[in-house]
1. With the requirement that a residue be surrounded by fewer than 19 Cβ atoms within 10 Å (Cβ to Cβ), within 24 Å of residue B:162 (Cβ to Cβ) and in contact with a Phe, Trp or Tyr (Cβ under 7 Å, 6 or more places away or on another chain), what does segment A:51-82 give you?
2. Condition (residue is in contact (Cβ under 8 Å) with a residue 12 or more places away in the chain and under 24 Å from the mean Cα position of the chain (by Cα)) applied to segment B:286-300: is it met by at least one residue?
3. Here are the criteria: (1) open to solvent by 60 Å² or more (accessible area, probe 1.4 Å); (2) outside the structural domain of residue A:145 (by TED's automatic domain parsing). Tell me which single one residue A:116 does not satisfy.
4. Return the pair list, or none, for Cβ contacts closer than 6 Å from residues in segment B:482-508 that are on the phi > 0 side of the Ramachandran plot to residues that are away from ligand 1 (no atom under 16 Å from the Cβ) and part of a loop (DSSP other than H, G, I, E, B), at least 6 apart or on different chains.
5. Being surrounded by fewer than 16 Cβ atoms within 10 Å (Cβ to Cβ), more than 16 Å from ligand 1 (Cβ to nearest atom), assigned by TED's automatic domain parsing to the domain that holds residue B:413 and of a type in the set (A, V, I, L, M, F, W, C): is that true of residue B:457 here?
6. Would you be able to say whether some residue in segment B:168-182 is within 16 Å of ligand 3 (Cβ to nearest atom) and either modelled with pLDDT of 95 or more or buried (at least 20 other Cβ atoms within 10 Å of the Cβ) (or both)?
7. Taking strands (runs of 3 or more DSSP E) that do not extend beyond segment B:119-182, which have at least 2 residues that are more than 12 Å from chain A (Cβ to nearest Cβ)?
8. Go through segment B:91-118 and give me each residue that's among the acidic types (Asp, Glu) and outside any helix (DSSP H, G or I).
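The values are calculated or read from the model by the stated rules, or taken from the named source; none is laboratory data. From a predicted model like this one, the values you see are computed outputs, not experimental measurements. Here the Cβ positions follow ideal geometry from the backbone for every residue, glycine too, while neighbour counts run over all protein chains shown. With ligands, DNA and RNA removed, areas are computed over all heavy atoms of the protein, side chains included. Shrake-Rupley method; radii C 1.70, N 1.55, O 1.52, S 1.80 Å.
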Amino acid sequence: MGCPCGHDGSGLERYLQPLQEVLAKYPSEERYLVPILQDAQEAYGYLPQEVLREVAVKLNISFSKVYGVATFYTQFHLQPRGKNVIKVCTGTACHVRGAGEVLKAIEEELGIQSGQTTPDLEFTLETVACIGACGLAPVIMINDDTHGRLTKSSVKTVLEGYKNQSGGGVVA
Amino acid sequence: MNKIALTIDDQRVEVEPGTTLLEAARQIGIEIPTLCYHPDLSLHGSCRVCVVEDVNTKRLLASCVVEAAEGMVISTRSSHARRARRRNVELLLANHPNDCLSCERNGSCELQEITHKLGVTKEDVERFRGKQRDFPLDERGPALRREPNKCILCGRCVRVCEEVQGLAAVDFAGRGFNSIVTTAFDLPLSEINCASCGQCATVCPTGAITEVREVDAVWRALEDEDKFVVVQTAPAIQASIGEEFGLPAGTVVTGKLVTALRMLGFDGVFSTEFTADLTIIEEGWEFIDRIQGNKRLPIITSCCPGWIKYAEHNYPDLLEHLSTAKSPQQMFSTLAKTYYAERIGVDPEKIYTVSIMPCTAKKFEKNRIEHRDSGFQDTDAVLTTRELADMIKEVGIDLAHLHEEDYDSIMGSLSGAATIFGTTGGVTEAALRTVKELLTGEPLDRLNLGILGNREAEVEIAGRTYRIAMVSGLANAAEVLNQVRAGTCDLDWIEVMACPHGCVGGGGQPLPNSREQKEKRAQALASIDEHKSIRKSHENPAIKKLYEDFLGEPLGGRAHELLHTSYQARPR
Ligand code: SF4
Ligand code: SF4
Ligand code: SF4
Ligand code: FES
């Protein structure tokens, strides 16, 4: 079971350094588990196995229990996330106006399913309940940008704008 | 306190305050089906297959958790209650693989039984069938196998592992449709902080957690002309395997067990009690040596591999306290491929060693790299009590009606001290009988130490008082070990057994494996001990001969080489 950074021993220690800083901010008690996980996710972008294991050891609770909590809350991610996070709204308005088609088009374009991340870590695809932009239905969010009134073909053009560019959105 | 009066199915019942509706109904002979309920665990109240109707309010109540209240009128059989119970079972089956024919628990599965009892049909289940869960199998072994798709989320394993073993190696994960009971990141149990004790497998109502089966490998060995197959039976087996053949818990079937094993084709049939005696001698001398050198005290027993794995994960700093004496299983297998092979003139390469154990942790132990002192893997296969019963049933042997035979003679004589190894407190009592006599020449009267949970005692030997503790259940063990770690206790000897009540309640024992069965099995072992003519390990003539002819001195050269082992720290 290698650590995600690909090193061992002192490498692992170095890898866990940001976590140790998070842990230092809280008393080692089970009731701080959720805030600790939130901060750890902030530091790592997601919650890697080695991080959860160390949290369990430091709080003296079982590894499986920590995993249980991390998988219970949708805010936590146990897989690395893409540079760009796409959220496809599947609320009623979007659903009626073709969100399914849009989602399918994105899945085809990126070769992943909802809930997955592309192997190059460029995109993570998720579906969400109504994001409150029903006037623009069907609508998706990429990072902090909203893209509305999408069709099968226009969504592909939108995606193009995010490919191979570091961060920052192109507003539609 | 005043009793509580209520009506159940038109009968008046009086019960003590705090009695649940389930228990109250039982008092008048009404059995309500249950799944998440287990008599030895805390209440969960989640499966709702035990619902009954409160006739006054028309509400459905989970009878396993709701307590009887004065004046209640309950119907366990109203159509409302019956339909709800069925519906709840149907919903469980709708997301269940339903491949009973290939399931290890076919015939002993509580979900199957309840389906049958409530008259649920295939059509009923198909109505609700939708998307199925798809969780990975954990069959990396060597002790336990998990098939999470068969989990009905009753939480029994979670409770036993957390409440009794203090580990929570399995827990609820995910939410909604994706809820499951699993390990962190679905890792194999063998690779995480799990003792391999198998308590989870004994409380699981379905086939979601079972032992890794080795029956086929043993059949292959028995059918192989070139193999000389030697079997050892742990002390607890003789007092429990009868249950698989319809005998009451605690029926002693030692002789019938021996006969059945010969009928199956084993070439040598032995009892692990022989090496339990040997463990006592080695561990006893080790204790004396540590007392005299005043080092590494308290000594902690090492015969339970579930406890060993737990200690390696959770108390790596205390490993030097463990006795280095191997478990009786491992001592036996090592000797089978050395001493015994030499005595009967068989090439040790041809010897195949099988042990019949009440235990799943012994399967893990068998595979440890430390256990190759004979020049081969010392133990080749470990069968649980349940697996052996399956083999015996497969070939149609009715164990209950067999005649009785004796174990083979070479490593065959056994003391009563060895028999009580199968129960908590037994190892300590056995060892003290020997230690006292070795030190003073005076015999020790029976201490009757066996008891559940944590127990401390003081024993005076040759003018010095020894403080001893005996614990079973790993959560209980943790209490004592934390004191040792903190230096706040002054103990000389600690016996730890991972399973509550010790091996009589082991993870490989017949089901049900509840307190009631365990107590009866423990009593049976104590009575065998009482009736044995040799009750002390060092008086066992075959053991004396083994030292004279082969091992030399206790703790000495060959004994040290073949009968002692080492431990490794493992991550939390
Ligand atoms: S084998 Fe024992 S320690 Fe491991 S998960 Fe099961 S109950 Fe817990
Ligand atoms: S694995 Fe078995 S005991 Fe554990 S929750 Fe699932 S069905 Fe219940
Ligand atoms: S108490 Fe006995 S059955 Fe349980 S893990 Fe230990 S040796 Fe095995
Ligand atoms: S047995 Fe009562 S709720 Fe499960």
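1. Hit for segment A:51-82 is A:78, nothing else.
2. yes
3. Just one mismatch for residue A:116, condition (2).
4. B:501/B:424; B:501/B:452; B:502/B:423; B:502/B:424
5. Values: surrounded by fewer than 16 Cβ atoms within 10 Å (Cβ to Cβ): no; more than 16 Å from ligand 1 (Cβ to nearest atom): yes; assigned by TED's automatic domain parsing to the domain that holds residue B:413: yes; of a type in the set (A, V, I, L, M, F, W, C): yes.
Considered against the rule, which asks whether it is surrounded by fewer than 16 Cβ atoms within 10 Å (Cβ to Cβ), more than 16 Å from ligand 1 (Cβ to nearest atom), assigned by TED's automatic domain parsing to the domain that holds residue B:413 and of a type in the set (A, V, I, L, M, F, W, C), residue B:457 comes out as no.
6. Checking segment B:168-182: at least one residue is within 16 Å of ligand 3 (Cβ to nearest atom) and either modelled with pLDDT of 95 or more or buried (at least 20 other Cβ atoms within 10 Å of the Cβ) (or both).
7. On the way: elements: B:144-146, B:171-173, B:180-182.
By residue number, B:144-146.
8. Within segment B:91-118, B:99, B:104 qualify.
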